[in-house]
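Undergrad: Quick one: the structure is below, and I'll ask about it shortly.
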Amino acid sequence: MKRRRRHSTALRFAAAVLLLVVFLFPIYWLFMIAFKTPEEIFSSPPTWYPASIQFDNFRGLFKSGDAKTVFNSLFIAGTSTLIAMFLGTIAAYSLARFRTGGENLAVWIISQRMIPPIAIVFPLFLLYVWLGWVDTYHGLILLYTAFNLPYVIWMMRGYIEDVPLELEESALVDGCTRWGALLKVVFPMVRNGLFATAVFTFVFAWNDFIFALVMTRSEVTTYPVQVTHYFGAQSNFWAKIAAMSVLGAAPVFLAVAFLQRYLVRGISLGAVKG
Amino acid sequence: MSAPAMNTPSGGIIAVGQGPDRHFKYVILLPAVFILLFIGIFPLVYTLIASVQNITMLEEDTSFHGLIHYRHLFEDARLWESIGHTLLITGIALPIELGLGLLMALLFLEKLPGRPVFVALLVLPTLIAPVVAGATWRLLFDHRYGPINQVLGWIAGEPVPILWVINPAYVYPAIFIAEIWQWTPFMFLLLLAALSNVDKSQTEAAEIDGASTLTVFRRIILPAIWPVMAIALLIRGLDLIRIFDVVWALTQGGPGTMTETLSIYTYIQGFRQFETSYTGAIAFMVIVALTVVVIWLLRRMEVHR
């Protein structure tokens with residue numbers, strides 16, 4: 001019996017390693033191309049690892065100014081995350097503690113998250129043209145704030161409901177104002193939830209393609225749009241595609257590495273508390 | 001701190017105070033709702049108005065034209081084909097992601113050396129921007145410089161010159177592979193969490209009573225993980241219905257219009273052909289249809305607490 005178990009563990013471990021190889025190989029390939037020389041990239045049959053690690057592909061992005069798109073992404077995703085987190089959390093507090101609008105409002109809010117972006121971005125584009133907001137930071141920041149608010153409200157409502165009421169009540173009894181109770185008692189209590197939700201909110205804006213494709217021209221282009229600019233009919237700038245993709249993917253990997261505990265809850269819209 | 005003296009109704013509700021506090025719950029809710037109306041109501045109203053006018057690239061006729069664009073929806077073969085492509089991708093990718101995700105979750109359910117590391121690494125594909133995932137697979141599928149044809153060549157024993165994203169016979173498999181690669185880890189992670197929460201004593205008791213593994217799975221495990229499975233299917237299903245990024249990066253809807261999805265077709269109508277009124281009609285129908293479906297599903301599944 002015991003022997004069979006050890007046997008099956010070894011088999012499962014082998015299967016796990018195989019799965020890992022299959023799922024990580026594309027990411028390995030992408031990262032590796034970013035460090036290859038052009039000759040290595042365009043050798044047929046392809047080589048599976050670069051002869052030496054060199055950073056010319058990244059240097060090229062910074063020299064040509066294309067790396068600015070990463071900073072655009074950072075500024076736009078960062079600012080919209082801060083705004084959405086603040087406005088979303090206080091709104092979530094209203095839903096969680098006062099049942100404002102009842103279940104109908106809560107369901108309407110989360111349903112807004114699930115509409116195809118293309119359907120809402122088309123009329124908004126025409127509005128932005130009229131307002132002169134196309135290719136501006138504030139235009140895109142507002143759009144991402146709006147797009148992420150349902151997620152923030154939905155998630156933070158769950159986190160706030162996990163906080164016992166007694167703390168707020170005693171603060172209120174002690175003469176704290178409503179705002180004081182919210183900002184000084186509730187916010188610190190849900191700080192882990194705030195942090196986890198903020199990271200996912202940031203990642204959604206950071207990884208978005210369609211809003212940025214429609215709403216940017218040249219000034220505030222974000223990195224995912226820049227990646228597609230390198231696709232040509234004839235010559236593909238593979239080194240740039242890979243290097244830019246690595247600049248975009250690496251920060252997300254790092255951020256989520258610290259968030260393993262909240263990963264399941266974050267991507268399941270709070271359905272699984274993990 | 002003093003003991004709570006305030007008398008509150010059950011269910012986590014704070015009694016609404018009198019005086020200036022009375023409006024507090026609305027004051028904190030309104031900014032968010034106001035911004036949400038911007039994406040929730042404005043597009044709906046605007047697309048409705050534009051869709052009964054006749055705004056095209058050539059003319060800006062804002063007089064009332066009735067339902068001509070809605071009638072056109074039914075005659076537009078390319079639109080229905082794009083819906084067909086979208087449903088095809090959804091119908092193939094979603095069950096495979098669910099099945100593979102479930103198998104992987106079962107594999108990692110029991111103790112395994114290094115399990116947290118495996119799980120943390122397996123989830124990485126899901127975190128990549130979908131457009132970057134598409135770009136990555138385009139590099140992998142390249143017929144000369146990509147490793148996929150190379151590996152297939154080793155297996156076949158002769159050079160394999162498949163033009164993955166160009167050849168009509170291979171373009172859908174390429175999309176399925178990229179899509180399934182990226183999102184199976186999502187299913188895996190959610191189902192693993194759900195399976196870990198299944199009450200062990202119940203499954204063990206059933207096994208002692210002589211129930212087969214399949215019966216235990218169908219009668220005990222499946223009902224227990226169904227709520228999570230349903231929300232995972234809902235999230236992924238709706239993602240697939242609006243699929244754009246990965247297909248755009250791989251094929252831009254080509255060859256021809258062979259892989260044009262509903263989102264890609266809408267994008268082309270609106271931003272390449274500048275058929276404003278007609279795009280308005282498509283967008284309006286999509287917003288209305290999906291809002292109804294989503295709210296119905298959310299209420300049915302009782303994901304709200």
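Undergrad: List the lysines whose alpha-carbon lies under 25 Å from that of A:K36, not counting same-chain residues fewer than 8 positions away?
TA: Here the lysines satisfying the reach criterion relative to A:K36 are A:K63, A:K68, A:K240.
Undergrad: Hey, with R₀ at 30 Å, roughly what FRET efficiency would B:R115 and B:R300 work out to, going by the Cβ-Cβ distance, to 0.05?
TA: Plugging the Cβ-Cβ distance into 1/(1 + (r/R0)^6) gives 0.30.
Undergrad: Could you give me the ³J(HN,Hα) list for segment A:59-65, computed from phi with Karplus coefficients 6.51, -1.76, 1.60 and θ = phi - 60°, whole Hz, x at Gly and Pro?
TA: 4, x, 5, 6, 5, 7, x
Undergrad: Step through the residues of segment B:143-154 one at a time and calculate ³J(HN,Hα) from phi using the Karplus curve (6.51 cos²θ - 1.76 cosθ + 1.60, θ = phi - 60°), rounding each to whole Hz and writing x for Gly and Pro.
TA: 6, 10, 9, x, x, 5, 4, 4, 5, 4, x, 4
Undergrad: While we're looking at this one, here's another question. Just round it to a whole percent: the fraction of Cα-Cα distances in segment A:2-54 exceeding 12 Å.
TA: That tail contains 70 percent of the Cα-Cα pairs.
Undergrad: Average partner chain C-beta neighbours within 10 Å, per residue of B:138-151?
TA: Average neighbour count from other chains, rounded to a whole number: 5.
Undergrad: Tally Lys and Arg at +1 and Asp and Glu at -1 over the other residues with C-beta under 15 Å from the C-beta of A:G139: what net charge comes out?
TA: Net of charged neighbours comes to -2.
Undergrad: Put a dot 7 Å past each Cα toward the Cβ at A:F258 and A:S218; how far apart are the dots in nm?
TA: 3.7 nm
Undergrad: What percent does the relative contact order of segment B:64-218 come to when contacts are Cα pairs within less than 8 Å and at least six residues apart?
TA: 31 percent
Undergrad: Grab the other residues whose beta carbon is less than 14 angstrom from that of B:Q269, score K and R as +1, D and E as -1, and report the net.
TA: Net charge in that neighbourhood comes out at -2.
Undergrad: What are the radius of gyration and Dmax of the protein assembly as shown, computed over its Cα atoms and given in Å?
TA: 25.4, 83
Undergrad: Continuing with the same structure: Within 10 Å of each Cβ in peptide B:233-244, how many partner chain Cβ atoms are there on average? Round it to a whole number, please.
TA: The shielding value for this peptide is 3.
Undergrad: Take every residue in peptide A:24-31, count the Cβ atoms of other chains within 10 Å of its Cβ, and give the average of those counts.
TA: For peptide A:24-31, the averaged partner shielding equals 6.
Undergrad: Principal axes first, then extents: for the Cα atoms of segment A:64-269, list largest minus smallest coordinate on each axis, whole Å, largest first.
TA: Reported extents, whole Å, longest axis first: 69, 39, 27.
Undergrad: Take every Cα pair under 8 Å in chain B that's 6+ residues apart, average their separations, divide by the length, and report that relative contact order as a whole percent.
TA: 28 percent
Undergrad: Given the peptides A:212-224, A:182-194, arrange them by the average over their residues of other C-beta atoms within 10 Å, most packed first.
TA: Per-residue mean Cβ counts within 10 Å order the peptides as A:212-224, A:182-194.
Undergrad: On to the next question. Run the reach check for B:K111 against lysines, Cα to Cα strictly under 25 Å, same-chain hits fewer than 8 apart removed. What comes back?
TA: A:K2, A:K273, B:K200
Undergrad: If you look at just the Cα atoms of chain B, how large are its Rg and its Dmax in Å?
TA: 25.3, 83
Undergrad: Given contacts defined as C-alpha pairs under 8 Å and at least six residues apart, what's the relative contact order of segment A:2-54, whole-number percent?
TA: 27 percent
Undergrad: If Lys and Arg each add +1 and Asp and Glu each add -1, what is the summed charge of the other residues whose beta carbon sits under 13 Å from the beta carbon of A:Y262?
TA: In short, +3.
Undergrad: How large is the Kirkwood hydrodynamic radius of segment A:1-135, counting all unique pairs of alpha carbons, in Å?
TA: After inverting the pairwise mean of 1/r, the radius is 21.4 Å.
Undergrad: For B:G254, which sequence-distant residues (separation of 5 or more, or a different chain) have an amide H within less than 5 Å of its own amide H, given hydrogens modelled in the peptide plane?
TA: Excluding prolines and chain starts, which carry no amide H, the hits are B:T259.
No value in this document is a laboratory result; all are computed from the given coordinates. This structure is a prediction, so every number in the text was calculated from the model and none was measured. Because the Cβ atoms are built from the backbone with ideal geometry, glycine has one as well, and the counts that use them run over all protein chains shown.
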